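Participant: One structure is given below, represented as structure tokens, and several questions about it will come after.
Please treat every number below as a calculation from the coordinates, not as lab data. Since we're looking at a predicted model, the values are computed, not measured. FYI the Cβ positions are ideal-geometry reconstructions off the backbone, even for glycines, and counts take in every protein chain you see.
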Amino acid sequence: MDPRDEQYDQVSAQSYFDRLQARHTGFSRSSLQTLTQELGLSEHVDKPLYMLSTGSKRKVWLTGAFASQCRLILLDEPFAALDQRSVVCVRNWLNRVAGDTDRAWVVADYEAPPGVAFSHRLALDAIGIRA
């Protein structure tokens with residue numbers, strides 16, 4: 001999900017989470033509740049997404065990704081537009097899932113975020129690929 005995408009603007013965060021839960025049988029309501037609290041989304045879950053800042057929308061998408069329990073999650077610049085408290089929260093969640101052998105997380109960023117225990121790191125510029 002791109003926080004700038006208007007596709008879900010009229011949908012509330014709670015409605016978005018409900019849609020994800022309907023699509024993903026392993027969806028974790030407990031992870032959803034914990035992340036909603038830790039990322040400070042509790043007061044925003046009933047608001048339409050167009051009312052949220054880019055950072056808050058990103059928190060909604062990240063919460064959905066973590067709670068979905070999908071086997072493959074792709075995150076592009078997951079820390080962009082996040083406040084420091086949320087960066088720490090997302091970093092902690094990435095570290096929690098780092099050892100999960102049933103799921104894969106691919107994180108794309110300009111540089112590896114400090115404090116995240118990635119099992120593999122690929123620097124594209126080191127192998128001759130330029131953005």
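Participant: Hey, how many Å between the Cα centroid of the range 1-40 and the Cα centroid of the range 56-131?
Facilitator: After rounding, the separation between the Cα centres reads 17 Å.
Participant: Using the basic label-point model (7 angstrom from Cα toward the beta carbon), what is the S15 to L122 distance in nanometres?
Facilitator: 3.8
Participant: Give the Debye-formula value of log10 I(q)/I(0) at each listed q (0.13 Å⁻¹), with one equal scatterer per alpha carbon of the chain, two decimals each.
Facilitator: -0.55
Participant: How much length would be gained if the chain were fully extended between Q33 and A80, taking 0.36 nm per residue of separation minus their Cα-Cα distance, in nm to one decimal?
Facilitator: 14.7 nm
Participant: Roughly how many debye, to the nearest 20, is the charge dipole of the range 1-40 about its Cα centre, given +1 on each Lys and Arg Cβ, -1 on each Asp and Glu Cβ, and no other charges? Before the final figure, lay out the partial values.
Facilitator: Values: 4 positive and 6 negative charges, 48 e Å.
For this selection, approximately 240 debye.
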